[in-house]
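The values are calculated or read from the model by the stated rules, or taken from the named source; none is laboratory data. Quick caveat: nothing in here was measured; it's all calculated off a predicted structure. Neighbour counts run over all protein chains shown; Cβ positions are idealised from the backbone, glycine included.
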Amino acid sequence: SKKALIFDLDGVIVDTAKYHYKAWKKLANNLGFDFTEEQNELLKGVSRVKSLEILLEIGNVTLSDEEKLKVMNEKNEHYLGFITKMEQDEILEGIPEVLNYLRENKVPFSLGSASKNARLILTQLNLIDLFDAIVDGNDVSKAKPDPEVFLIAADKLKTAPENCIVVEDAIAGIEAANSAQMTSIGIGDKETLGEADIVLSSTAELNIELLEKLLRK
Ligand code: G16
Ligand code: MG
């Protein structure tokens, strides 16, 4: 069947990590501890619930289930304040060209994100109508590195997993793509994303030339 692409959101389409960081940091400070940018790396690509668990472990704080829900909602409200102010010029370098190229050449593509805010973010960036399918944190029961999110995307795109090319910035996402038997493109550090089939240092390197080569294979 036909080749298709699956894009992660945070770190691939747009850098929402900086807004997640601000919102988690504020929560940490409210709970009486600090949270560094380096520690924030642990939350990339990870679900909201799992992120909170990691954060609480860093601060050595225990909360009841009820309190957890409450602080997660507060964190999300704070995060949404940033998201709703986001502008189209925050789309990462090269991404608009790649999405337009795929569209013009009728190569189907989906979103494959852990975020429950994915549809809101794509709407805010005016990108939502370009996607043939959207699979996000509302659609899955098992988070990355489980391949579920990408397998649902392949299904929605009506293509076999082996024909899918995943673009991801997080190690959990690369693992998910690999265990789904998909081709994985890592955006970031070669050392961290060594398991990916191809590693690019930034989205600017994800050019049409490379895509054409991969689509011809
Ligand atoms: C993104 C981020 C994660 C975040 C997760 C859930 O995933 O990388 O840091 O924790 O979404 O986000 P939300 O709180 O909006 O549901 P991805 O898969 O797009 O990189
Ligand atoms: Mg990501």
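Brief remarks follow.
- Condition met for Val167 (in contact with a Phe, Trp or Tyr (Cβ under 6 Å, 6 or more places away or on another chain) and modelled with pLDDT of 95 or more): yes
Residues are listed down the side, and each one gets a yes or a no for (1) in contact with a Cys (Cβ under 6 Å, 6 or more places away or on another chain); (2) without any contact (Cβ under 8 Å) to a residue 24 or more places away in the chain; (3) outside any loop (DSSP other than H, G, I, E, B):
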| residue | (1), (2), (3) |
| --- | --- |
| Val107 | no, no, no |
| Arg119 | no, yes, yes |
| Leu122 | no, no, yes |
| Ile134 | no, no, yes |
| Asn138 | no, yes, no |
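- Members of segment 158-170 that are surrounded by fewer than 23 Cβ atoms within 10 Å (Cβ to Cβ) and assigned to a loop (DSSP other than H, G, I, E, B): Lys158, Thr159, Ala160
- So Phe35, is it under 19 Å from Leu111 (Cβ atoms) and surrounded by 14 or more Cβ atoms within 10 Å (Cβ to Cβ): no
- Leading residue by the ranking (surrounded by the fewest Cβ atoms within 10 Å (Cβ to Cβ)) among those in segment 198-211 that are touching a helix residue (DSSP H, G or I) at 6+ places or on another chain (Cβ under 8 Å) and in a loop (DSSP other than H, G, I, E, B): Asn207
- Applying the criterion of being of a type in the set (Phe, Trp, Tyr) and in a loop (DSSP other than H, G, I, E, B) to the residues of segment 1-55, the residue that is nearest to Ala180 (Cα to Cα) is Phe35.
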